[in-house]
Amino acid sequence: MVASSPQIELRHVHRWFGDTHAVNDVSFSVQAGEVFGFIGPNGAGKTTSMRILATLDEPSTGDALVDGFSVVEDPERVRRRLGFMPDYFGTYENVDVHEYLDFFARAYGLRGSERTRALAFVEDFTGLNKLATKPINGLSKGMKQRLCLGRTMIHDPSVMVLDEPAAGLDPRARIELREMISRLADLGKAVLISSHILTELAEVCHRVGIIEQGQLVAVGTVDEISRKAQKVAMIEVRFVGDPEPAHQWFAAREDLHDVQWDLKKATLSHAGDEATQAQLLREIVQAGLNVVEFRCRTKSLEDVFLEVTEGRVQ
Ligand SMILES: Nc1ncnc2c1ncn2[C@@H]1O[C@H](COP(=O)(O)OP(=O)(O)OP(=O)(O)O)[C@@H](O)[C@H]1O
């Protein structure tokens with residue numbers, strides 16, 4: 001990841017729609033070369049925040065900056081530096097892939113060899129070069145998403161904002177999309193990507209922000225958020241040989257709760273940090289029990305999300 005000043009910065013953004021506080025004091029920043037995942041359930045305020053960044057809406061109060069330019073004071077400069085991919089794709093009759101991208105390249109004012117280069121780069125990046133003359137209404141959902149991404153990056157923006165890009169894609173197309181998003185970050189772009197399919201973001205995002213009822217309730221790496229949310233770890237311990245001594249040892253330990261046995265494997269919940277988990281393993285070994293596996297189950301992003309937003313769900 002390329003370290004530099006933030007390319008996206010939201011500063012205390014609020015957006016009211018009548019009585020609905022759709023975005024409530026949201027602040028975060030995204031650096032060049034960073035992929036930031038915006039996670040939240042339906043109606044949490046993701047699209048509204050992204051539309052404000054893309055200058056399609058204005059904050060009620062607060063500001064958002066793209067490459068240091070304010071969406072309120074300098075929307076024209078913001079538009080030149082930002083590509084926004086909405087969560088819908090319109091229908092287009094009698095237009096092929098190349099014509100579609102060419103239309104957007106012209107709309108962004110690209111001319112002559114500059115436009116030719118931009119089209120060649122984007123068609124190559126998205127793998128659409130082999131489909132250049134294919135009518136877009138005949139494309140698969142995955143190919144339409146590639147085209148939409150191509151359109152979003154045709155003017156070489158430094159910031160890309162992608163609203164639910166993985167929605168409706170099959171597993172293979174999702175993997176390909178993740179791969180393209182990583183390559184966008186490698187090009188030095190700051191990428192903001194939203195989703196409510198949480199697990200699909202874990203691999204591709206450097207950091208995530210969890211938004212709930214308009215408020216950002218947690219920001220950090222998936223691991224950081226997971227650690228904060230983790231009050232009780234699930235530990236699995238597997239033994240070889242006669243499991244009876246292990247059964248007795250665990251039964252005598254009053255501090256270990258909810259021990260479940262499945263033949264030679266014990267599963268238990270354990271309140272504590274990594275140091276106390278290491279201490280438990282030492283004690284098992286010192287007791288002479290034949291342990292062959294000791295595993296602290298890390299939570300899925302889905303579990304973390306549910307814990308972080310606990311009690312706040314509408
Ligand atoms: N133009 C509008 N007029 C009135 N209310 C709106 C408008 N746009 C959004 N809202 C409301 O603001 C809140 C946030 O909506 P938003 O679309 O930003 O959420 P979201 O997190 O993107 O959800 P989804 O995943 O369903 O797109 C919701 O309560 C929504 O009904």
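The values are calculated or read from the model by the stated rules, or taken from the named source; none is laboratory data. Treat the numbers as computed from the prediction; the structure is a model and nothing was measured. All Cβ positions, even for glycine, are placed from backbone atoms using ideal geometry, and neighbour counts span all protein chains on display. Note: areas computed on protein heavy atoms with side chains; ligands, DNA, RNA excluded. Shrake-Rupley method; radii C 1.70, N 1.55, O 1.52, S 1.80 Å.
Within region 186-208, is there a residue that is open to solvent by 40 Å² or more (accessible area, probe 1.4 Å), part of a strand (DSSP E or B) and at pLDDT below 95?
Checked against the condition, which is being open to solvent by 40 Å² or more (accessible area, probe 1.4 Å), part of a strand (DSSP E or B) and at pLDDT below 95, region 186-208 yields at least one hit.
If I ask for residues that are without any contact (Cβ under 8 Å) to a residue 24 or more places away in the chain and touching a strand residue (DSSP E or B) at 6+ places or on another chain (Cβ under 8 Å), which ones from region 236-250 would you list?
If the condition is that a residue be without any contact (Cβ under 8 Å) to a residue 24 or more places away in the chain and touching a strand residue (DSSP E or B) at 6+ places or on another chain (Cβ under 8 Å), then PRO243, HIS247, PHE250 are the ones that fit.
So that you can scan it fast, the table gives a plain yes or no per residue for (1) assigned to a loop (DSSP other than H, G, I, E, B); (2) open to solvent by less than 90 Å² (accessible area, probe 1.4 Å); (3) β-branched (Val, Ile, Thr):
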{"position": "PHE250", "(1), (2), (3)": "no, yes, no"}
{"position": "GLU254", "(1), (2), (3)": "yes, no, no"}
{"position": "GLN260", "(1), (2), (3)": "no, no, no"}
{"position": "GLN277", "(1), (2), (3)": "no, yes, no"}
{"position": "ILE284", "(1), (2), (3)": "no, yes, yes"}
{"position": "VAL292", "(1), (2), (3)": "no, yes, yes"}
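Restricting the search to region 70-113, which residues are surrounded by fewer than 19 Cβ atoms within 10 Å (Cβ to Cβ), within 16 Å of the ligand (Cβ to nearest atom) and not hydroxyl-bearing (Ser, Thr, Tyr)?
Hits for region 70-113 are PRO86, ASP87, PHE89.
What number goes with the only condition from (1) in a helix (DSSP H, G or I); (2) modelled with pLDDT under 95 that ALA166 does not pass?
Going through the list (1) in a helix (DSSP H, G or I); (2) modelled with pLDDT under 95, ALA166 breaks only (1).
Step by step: first the residues of region 19-63, then only those that are open to solvent by 30 Å² or more (accessible area, probe 1.4 Å) and under 19 Å from the mean Cα position of the chain (by Cα), then the one that is farthest from the ligand (Cβ to nearest atom). Which residue is that?
GLN31
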